[in-house]
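To keep things clear, I will list the structure first and then write my remarks on it.
The values are calculated or read from the model by the stated rules, or taken from the named source; none is laboratory data. Keep in mind that what you see is a predicted model, and the values were worked out from it rather than measured. For neighbour counting, all protein chains shown are included, and Cβ atoms are generated from backbone atoms with ideal geometry for every residue, glycine included. Side chains are part of the model used for accessible areas, which takes the heavy atoms of the whole protein and leaves out ligands, DNA and RNA. Shrake-Rupley method; radii C 1.70, N 1.55, O 1.52, S 1.80 Å.
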Amino acid sequence: MFVCKIIAETGRIKKFDVDLYFALTEKVVVHDDGRLTVGLLDGTEVECLIE
């Protein structure tokens with residue numbers, strides 16, 4: 001929830017950094033109910049709802 005709150009407060013991403021994405025992300029799971037689960041390389045999992 002904390003990361004989702006930060007994302008909501010900062011607004012949309014203006015530039016996507018592909019190198020940063022691959023340096024941090026292990027996997028992204030897209031669920032059929034509109035949720036994303038992002039697995040980071042340090043073992044952290046972040047779940048967000050797609051609107």
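Values for this structure:
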| quantity | calculated |
| --- | --- |
| Distant-in-sequence amide H partners of residue 25 (H built 1.01 Å from N, under 5 Å) | 41 |
| Accessible surface, the chain, averaged per residue in Å² (probe 1.4 Å) | 92 |
| Probe 1.4 Å, all protein chains present, accessible-area order of 5, 15, largest first | 15, 5 |
| Vicinal HN-Hα couplings computed from phi for the range 15-27 (Karplus, 6.51 cos²θ - 1.76 cosθ + 1.60; Hz; Gly/Pro x) | 9, 9, 9, 4, 5, 5, 4, 6, 6, 10, 9, 8, 7 |
| The chain: chymotrypsin sites (Phe, Trp or Tyr not before Pro) falling in loop per DSSP and having at most 10 other Cβ within 10 Å | 16 |
| For the chain, alpha-carbon Rg over 2.2 N^0.38 Å | 1.17 |
| Normalised contact order of the chain, rounded percent, pairs of Cα under 8 Å and 6 or more residues apart | 29 |
